[in-house]
Amino acid sequence: MNAPPEDQLEQLKNLLFSEEIEKFETISEEFNDYERLEKKLEPILEKRIAELQADFPDQFGPVITKALKVQIKESQEEVIEVLSPIMGRLIKKYVQTEIAKLTESIDQRMRDLFSFKATLRRWIASLRGVSSAEIIVSELIPAKLQEVMVIENDSGLLIGRHSVSADSDPDLIAGMLTAIKAFVEDAYGKTGESLEQIEYETFTLYLQSFGSFYIVAAVSGVVDSAFKDELNDAVHAFAIELTRDKGYHKDETKMMSLMEQHFSLFSPLALPPASEDAVVKETASAR
Amino acid sequence: MQKKILLVGDFGVGKSSLVERYVNDRFSEEYKSTIGVVIQKKTVEVDGQSINLLIWDVAGSREIAEVPASYYLGSSGILYVFDISRPETWAGLPQRLATVREKAKYSSESDRLMVIANKSDLCNAEDLKEVLGQVSVKVDIVTSAKDSLNVDSAFTELARRILTE
């Protein structure tokens with residue numbers, strides 16, 4: 001009796017393809033054995049990875065650059081947000097340096113000029129005890145008193161504050177300033193000498209000691225001699241009153257009112273947001 | 001009412017970690033050395049009275065004399081911190097404390113200088129007992145910034161002593 005056709009076909013397949021089937025089984029076995037497969041592939045992969053590392057800039061550089069360009073183009077707002085504080089500071093610093101250079105060159109030119117205007121400017125400058133260049137520059141970027149702090153000399157505790165903004169923690173600033181002052185005076189100071197000035201980007205901090213307390217005035221912009229003199233006078237007048245009446249140290253409202261009285265000419269107190277009209281009036285009345 | 005307090009002691013004893021735990025209720029395993037001084041503040045209620053504590057976390061130093069004398073001026077209280085697991089941080093403690101008292105102008109009777117044994121999480125009860133027996137001064141409180149053990153109590157107790165004195 002003949003075998004069924006399926007079996008006959010199977011027998012025929014085995015006869016014709018026995019070698020191939022055997023090879024296929026060996027390959028399949030190798031492929032499923034992870035360790036053996038890994039051994040076989042390792043040199044190939046290593047070679048390919050090394051090639052990839054060597055050629056990465058050539059192969060992917062243009063693609064990455066293109067992707068970055070697209071990303072920057074599509075997210076300009078975010079890019080600006082990230083870069084603007086850094087760029088802003090750099091620009092400020094650059095402008096400051098350039099202004100200093102400009103000051104020198106203007107001075108030079110002013111010395112050479114004999115026009116009526118120049119003579120008049122020189123006359124005003126000499127009356128105010130400042131250079132003509134200082135007058136021109138300070139007209140462009142006027143000095144503004146941003147903050148005055150009265151700080152206890154030893155402890156660094158804040159006694160009083162007059163500020164145009166209320167976004168920083170004055171207690172911590174007072175403490176850190178005292179620590180910096182103490183450190184500098186300890187490290188470099190001789191008897192009776194004290195830290196008098198700290199410059200930070202476009203800010204200048206003026207420190208003046210008065211026995212048990214010291215006063216810090218933070219000024220932004222270009223400070224000319226006239227402004228500095230006026231500020232010095234105000235600080236001294238304020239300090240005299242403070243020394244005369246110790247009651248100010250304990251009464252916050254009294255202290256604020258005294259500070260307002262002495263420093264409002266330089267900058268108005270930090271107030272809650274007002275209407276546009278009120279802001280314009282305040283700006284006009286400020287120095 | 002505002003009061004300035006100081007944390008002093010050898011480097012790496014956990015002063016900044018204690019302040020960080022107390023002010024922000026945070027702890028980090030990462031060690032960051034303090035440069036100069038870091039100031040933080042926290043308001044604490046003691047016996048119905050509110051005190052604004054200005055906390056000066058002074059950079060650690062093996063020699064206590066290296067801390068600028070002016071940092072101590074005007075301070076109302078001091079926490080001297082040592083690390084239970086490092087004997088060198090509590091060796092010679094009486095002399096170190098005497099220097100601190102002298103610099104801060106505290107009398108020898110004043111209890112506004114508190115001694116803190118920190119990092120209790122690094123030892124078991126027996127080791128702790130042994131260390132406390134070896135430390136030649138009275139330890140006011142045992143703390144762990146990591147486990148948040150007695151951290152609030154240390155600062156509150158100092159505030160209480162400041163108010164009392």
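The values are calculated or read from the model by the stated rules, or taken from the named source; none is laboratory data. Because the structure is a prediction, the values reported are computed rather than measured. Because the Cβ atoms are built from the backbone with ideal geometry, glycine has one as well, and the counts that use them run over all protein chains shown. What goes into the accessible areas is simple: the full protein's heavy atoms, side chains included, and nothing from ligands, DNA or RNA. Shrake-Rupley method; radii C 1.70, N 1.55, O 1.52, S 1.80 Å.
Numbers below:
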{"item": "Where a residue in the stretch A:247-266 is in the same structural domain as A:Asn232 (by TED's automatic domain parsing) and its partner, wherever it lies, is part of a loop (DSSP other than H, G, I, E, B), with Cβ under 7 Å and at least six apart", "result": "A:Glu260/A:Leu269; A:Leu265/A:Arg287; A:Phe266/A:Arg287"}
{"item": "Among (1) open to solvent by less than 90 Å² (accessible area, probe 1.4 Å); (2) more than 60 Å from the chain's Cα centre (by Cα) - the single one A:Phe17 does not satisfy", "result": "(1)"}
{"item": "Members of the stretch A:196-231 that are open to solvent by 30 Å² or more (accessible area, probe 1.4 Å) and among the aliphatic types (A, V, I, L, M)", "result": "A:Ile198, A:Leu205, A:Val222, A:Val223"}
{"item": "Filter pass, B:Gln40 being open to solvent by 10 Å² or more (accessible area, probe 1.4 Å), within 21 Å of B:Ser153 (Cα to Cα) and touching a helix residue (DSSP H, G or I) at 6+ places or on another chain (Cβ under 9 Å)", "result": "yes"}
{"item": "Whichever residue in the stretch A:156-175 is surrounded by 20 or more Cβ atoms within 10 Å (Cβ to Cβ) and assigned to a loop (DSSP other than H, G, I, E, B) and, among such residues, is farthest from the other protein chains (Cβ to nearest Cβ)", "result": "A:Gly156"}
{"item": "Every residue from the stretch B:103-156 that is in contact (Cβ under 8 Å) with a residue 40 or more places away in the chain, open to solvent by 20 Å² or more (accessible area, probe 1.4 Å) and under 30 Å from A:Asp154 (Cβ atoms)", "result": "B:Asp111, B:Arg112, B:Val137, B:Asp152, B:Thr156"}
{"item": "For B:Gly12: the one exception among (1) surrounded by 13 or more Cβ atoms within 10 Å (Cβ to Cβ); (2) at negative phi; (3) away from chain A (no Cβ under 14 Å); (4) out of contact with any strand residue (DSSP E or B) (no Cβ under 6 Å at 6 or more places or on another chain)", "result": "(2)"}
{"item": "Pair list, Cβ < 9 Å and 6+ apart or interchain, from the stretch B:36-60 residues that are away from chain A (no Cβ under 11 Å) and over 20 Å from B:Ser17 (Cα atoms) to residues that are aromatic (Phe, Trp, Tyr) and surrounded by fewer than 22 Cβ atoms within 10 Å (Cβ to Cβ)", "result": "none"}
{"item": "Residue in the stretch A:37-47 that is touching an Asp or Glu at 6+ places or on another chain (Cβ under 6 Å) and either surrounded by 11 or more Cβ atoms within 10 Å (Cβ to Cβ) or over 30 Å from A:Gly221 (Cα atoms) (or both) present", "result": "no"}
{"item": "Every pair of residues 6+ apart whose Cβ atoms lie under 9 Å, when the first sits in the stretch B:64-86 and is more than 10 Å from chain A (Cβ to nearest Cβ) and open to solvent by 20 Å² or more (accessible area, probe 1.4 Å) while the second is in a loop (DSSP other than H, G, I, E, B) and not aliphatic (A, V, I, L, M)", "result": "B:Ser85/B:Lys119; B:Ser85/B:Cys123; B:Arg86/B:Asp10; B:Arg86/B:Gly12; B:Arg86/B:Lys119"}
{"item": "Residue that is at negative phi, touching a Phe, Trp or Tyr at 6+ places or on another chain (Cβ under 6 Å), of a type in the set (Gly, Ala, Ser) and at pLDDT 85 or above, where the choices are A:Ser220, A:Ser257, A:Ser209", "result": "A:Ser220"}
{"item": "Flag if A:Lys93 is touching a residue at least 40 places away in the same chain (Cβ under 8 Å), open to solvent by 70 Å² or more (accessible area, probe 1.4 Å) and not assigned by TED's automatic domain parsing to the domain that holds A:Val222", "result": "yes"}
